[in-house]
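Structure record follows, encoded as structure tokens.
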Amino acid sequence: MPDLRQTRKKITTALAIMAVADVLALGVFISPLVGPAESRKQTIGQLQSELTSKTRQVAPLRDLPGPNGKVALAKREIANFYKKRIPQQDSQIPAEFGKLASENGVAIEQAKYKLAEGTLGNLQPVELEADLAGNYTALARFINALERDDTFFIINSITLGGEQQGPVKLNVKLEAFLRMGT
């Protein structure tokens, strides 16, 4: 015959545990930590309005075209820009600079060329400073050709000088970039 005292003790313990759990649940339900039902409804409404607002913000991004869309086109154009306008060999920059000067009738009196500190992604900045001489028209054509050249030159400063007689002197500081790696 089973021992009723042990069974009664187990049932009493289980009922006591359930009573404590009920009291705790009731305490959480009416406690100020959870708050009244009104504040919960207000919080839910606020969160739903935030969700609606965020959904509207990202709606234009949902219908972006696939692999042939604008993003893919931009990536191809960037790769083409790097390939066409950023040289890989450091000798290409002064060679292009010298070619443009000679094509436009400008004499290079002095030129300094150095790799700048640091890198920008896979680009190495190159600083170029040159003293040039020529007539005003030739120098203007040279600057125009420099800006239009396939090699990407950024002109940082131009200082124009000269004397009453003789050629116009021009000091130009510019920046170009080298592709690093492949």
Options (1) 1.39; (2) 1.57; (3) 0.94 are given for Rg/Rh (Cα atoms, Kirkwood Rh), and the computed one is (2)
Under the Karplus curve 6.51 cos²θ - 1.76 cosθ + 1.60, θ = phi - 60°, whole-Hz ³J(HN,Hα) for region 112-129, x wherever Gly or Pro sits: 10, 9, 8, 6, 6, 6, x, 9, 10, x, 9, 10, 10, x, 10, 9, 9, 10
Give me the angle, in degrees from 0 to 90, between the Cα long axis of helix 92-103 and the longest principal axis of the Cα atoms of the chain, rounded to the nearest 10. 40
Length-normalised contact order of the chain, Cα under 8 Å, at least 6 apart, in percent, tallies to 19
Computed [θ] at 222 nm, deg cm²/dmol, the chain (DSSP H ≥ 4; -39,500 (n - 2.57); rounded to nearest 500): -17500 deg cm²/dmol
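Please arrange Val172, Val126, Val23 by counting, for each residue, the other beta carbons lying within 10 Å of its beta carbon, fewest first. Display every interim value, and only then the final one.
Numbers: Val172 22, Val126 19, Val23 10.
Ascending Cβ contact count within 10 Å gives the list Val23, Val126, Val172.
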Which residue, chosen from Ala16, Gly181, Tyr136, occupies the Cα position most advanced towards the positive end of the dipole of the chain, where the dipole is computed from +1 (Lys, Arg) and -1 (Asp, Glu) charges on Cβ about the Cα centre? Ala16
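Magnitude of the Cβ-charge dipole of the chain, K/R +1 and D/E -1, about the Cα centre, nearest 20 debye?
1440
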Do you know the Lys pair count in the chain for C-alpha distances under 26 Å, with sequence separation 8 or more or different chains? 22
Degrees between helix 136-148 axis and first principal axis of the chain (Cα, 0 to 90, nearest 10): 30
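Filter the GluC sites (Glu not before Pro) in region 105-140 down to the DSSP loop ones having no more than 11 other Cβ atoms within 10 Å, then list what survives. Provide the component values of the computation, followed by the final result.
On the way: sites: Glu109, Glu117, Glu127, Glu129; in loops: Glu117.
Taking region 105-140 and a limit of 11 other Cβ atoms within 10 Å, the loop GluC sites (Glu not before Pro) found are Glu117.
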Can you give me the angle between helix 4-30 and the longest principal axis of the chain, using Cα atoms only, in degrees from 0 to 90, rounded to the nearest 10? 50
Please give me the summed charge of the neighbours of Ala101: other residues whose Cβ is under 13 Å from its Cβ, Lys and Arg +1, Asp and Glu -1. -3
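Quick note: the coordinates plus some simple rules give every number you see, no bench work behind them. Every value quoted in this text rests on a predicted model; they were computed, and no experiment measured them. Glycine also receives a Cβ, built like all others from the backbone with ideal geometry; neighbour counts cover every protein chain displayed.
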